[in-house]
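Every number here is computed from the coordinates shown, using simple stated rules; none is lab data. Every value quoted in this text rests on a predicted model; they were computed, and no experiment measured them.
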Amino acid sequence: MKKWITVAFASIFGVLLSMPAWSQGNAPKNQPTAAEKKQEKDAKKESAKKKKAGKKAADKKAKDEKAEAKKDASKK
């Protein structure tokens with residue numbers, strides 16, 4: 001009987017010791033660091049600025065083309 005209690009205790013003790021390894025096994029492998037997060041955030045801001053600048057340029061071009069068309073129409 002004492003042998004079985006020792007085996008059971010050793011088994012439970014072994015399971016308890018391996019639990020931290022189990023919890024780490026479920027964690028995401030590639031967690032971004034703070035520096036990587038900042039780089040991603042800066043890249044998003046930069047792309048948003050470029051997109052906004054491109055939209056402004058397209059709007060200005062459309063406005064200029066509209067003015068040209070109006071000018072050409074008034075000449076006829």
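What angle do you read, to the nearest 10 degrees and between 0 and 90, between the alpha-carbon axis of helix 34-75 and the longest principal axis of the chain? Between helix and principal axis, roughly 20 degrees.
Straight-line cross-link partners of Lys44 among the lysines, defined as a Cα under 19 Å from its Cα and at least 8 positions apart when in the same chain: Lys52, Lys55, Lys56.
Semi-axis lengths, largest first, of the ellipsoid equivalent to the chain are 74, 12, 4 Å, with √(5λ) applied to each eigenvalue of the Cα gyration tensor.
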